[in-house]
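Contents: one structure, followed by commentary.
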Amino acid sequence: MKKIIIGIPVNNNIVSSNNFSKQIYNLNEEYCKILFQMGVVPILLPPTSRKSQICSQANLCDGILLGGGDDIYPLLYGEEPKEGLGNYNEELDNYHIFLGKQGIVLNKPILGICKGMQVLNVIYNGTIYQDIKYFPGETNMHMQSGHRSDLCHTVYTRKNTKIKELLGDTFVTNSFHHQVLKKLGDNLIISATTKDNVVEAIENPNLPFCIGVQWHPEIMAMHSKDMYPLFNAFVNACK
């Protein structure tokens, strides 16, 4: 029986060791671990600027998981850089955005996690607060300092959404982001927020599975099964 293949685009970074630098691809291992636990085959997708090759990458996959990373280059959503913006990589962001767009064109199930949710929003012409200090109103902690598996805040789901159907009315998650959604993208709905109205999940209700979450369910899944329904639904949509 053919195994389900889920593509995960990697990030790139420059590391230094033994007095020389090298450019590497990198990805947190939990993304692959949870997919292996779900019985599917994750493959890592290296970035390229060649659109024909990106299309071929998308065609290889039964689904696409857009993971976390640095900030998104703000000119890609029509804004000039502001104070508080972190590291970004325009070439890498262009790759992730085009891969996501191609996945949508091919009707591939897509799960966006943390930055991946923000990439989904940009794909649909949404925008981002470059730092949470620009978000109107007082906010709770969204960049926790404890262990990555520790839980940080409560998430509240909205009616008639897949997230509510999968995870219930409320649940507690970890949190590792300093940027938050600003203008919601076209064709998207907000499916969950925190008490301070920061968007924690979005989805396209017109597609079989196109969901973005701001927390890191793959890390939580290493310590409990609370997030298994989300990954099970993603995998089932890829069949």
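Coordinate-derived values only; no laboratory data. Given the structure is predicted, the values throughout are model-derived calculations rather than measurements. Cβ sites come from the backbone with ideal geometry, for glycine too, and all protein chains shown count toward neighbours.
On full extension of the chain, what length is gained from residue 239 through residue 25, given 0.36 nm per residue of separation minus the C-alpha to C-alpha distance?
74.2 nm
By count of other Cβ within 10 Å, fewest leading, how are 203, 138 ordered?
Details: 203 25, 138 6.
Ordered from fewest to most neighbouring Cβ atoms within 10 Å, 203, 138 come out as 138, 203.
Let me spell out the model: positive unit charges on the Cβ of Lys and Arg, negative unit charges on the Cβ of Asp and Glu, origin at the Cα centre of the stretch 5-237. What dipole size does that give, in debye rounded to 20? Could the numbers behind the result be given before it?
On the way: 18 positive and 22 negative charges, 90 e Å.
Rounded to the nearest 20 debye, it is 440 debye.
What is the order of 127, 194, 170, fewest Cβ neighbours within 10 Å to most?
Ordered from fewest to most neighbouring Cβ atoms within 10 Å, 127, 194, 170 come out as 170, 127, 194.
Which ³J(HN,Hα) values in Hz, rounded to whole numbers, follow from the phi angles of the stretch 179-193 under the Karplus curve 6.51 cos²θ - 1.76 cosθ + 1.60, where θ = phi - 60° and Gly and Pro get x?
Here the 3J(HN,Hα) series is 10, 9, 5, 10, 7, 6, x, 4, 6, 9, 10, 7, 10, 6, 9 Hz.
Take the Cβ-Cβ distance between residue 223 and residue 12 as r, set R0 to 30 Å, and report the resulting FRET efficiency rounded to the nearest 0.05.
0.55
Looking at 19, 236, 111, which one has the Cα that reaches farthest to the positive end of the dipole of the stretch 5-237 (charges on Cβ: Lys, Arg +1; Asp, Glu -1)?
Of 19, 236, 111, it is 236.
How would 132, 43, 34, 123 line up from fewest to most surrounding beta-carbon atoms within 10 angstrom? It would help to have the intermediate numbers written out before the result.
Details: 132 18, 43 14, 34 24, 123 27.
By the 10 Å Cβ count, ascending: 43, 132, 34, 123.
With helices defined as uninterrupted DSSP H runs, which ones in the chain have an alpha carbon span along their own long axis of at least 20 Å and mean Kyte-Doolittle hydropathy of at least -0.5?
Taking the DSSP H segments of the chain (at least 20 Å long, mean hydropathy at least -0.5), we get 90-105.
Per 0.36 nm of contour for each residue apart, how much would the distance between residue 37 and residue 183 grow if the chain were fully extended, relative to their Cα-Cα spacing?
49.0 nm
Hey, if you put +1 on the Cβ of every Lys and Arg and -1 on every Asp and Glu Cβ in the chain, which of 92, 217, 59 ends up farthest toward the positive end of that dipole?
About the Cα centre, the residue reaching furthest to the positive side is 59.
Taking a label point 7 Å from the Cα of residue 51 along the Cα→Cβ vector, which residues of the stretch 65-97 have an amide N closer than 13 Å to it?
The answer is 95, whose backbone nitrogens lie closer than 13 Å to the label point.
Name the residues of the stretch 61-92 whose amide N is less than 20 Å from a point 7 angstrom out from the Cα of residue 105 along the C-beta direction?
61-66, 76-77, 91-92
Residue by residue through the stretch 154-171, what is 3J(HN,Hα) from phi via Karplus (6.51 cos²θ - 1.76 cosθ + 1.60, θ = phi - 60°)? Round to whole Hz and write x for glycine and proline.
Listing the rounded values in order: 8, 10, 10, 8, 10, 5, 6, 10, 5, 4, 4, 4, 7, 10, x, 6, 9, 6 Hz.
Quote the charge dipole size of the stretch 40-120 about the Cα centre in Debye, to the nearest 20; the model charges only the Cβ of Lys and Arg (+1) and of Asp and Glu (-1).
For the stretch 40-120, the charge dipole is close to 420 debye.
Name the long-range amide H neighbours of residue 112: under 5 Å, sequence gap of 5 or more, or other chain; modelled H, no Pro or chain starts.
66, 211, 212, 213
What FRET efficiency would be calculated for the residue pair residue 147, residue 172, taking the C-beta separation as r and a Förster radius of 22 Å, to the nearest 0.05?
0.95
Working only with C-alpha atoms, what are the Rg and Dmax values of the stretch 1-96, expressed in angstrom?
15.6, 52
For every helix of n ≥ 4 consecutive DSSP H residues, a contribution of -39,500 (n - 2.57) applies; sum these over the chain, divide by its total residues, and give [θ] at 222 nm rounded to the nearest 500 deg cm²/dmol.
Values: 7 runs with 63 residues, N = 239.
After summing the helix terms and dividing by the residues of the chain, the value is -7500 deg cm²/dmol.
In whole Hz, what ³J(HN,Hα) sequence does the stretch 131-139 give by Karplus (6.51, -1.76, 1.60; θ = phi - 60°), x for Gly and Pro?
Listing the rounded values in order: 8, 5, 5, 8, 6, x, x, 6, 10 Hz.
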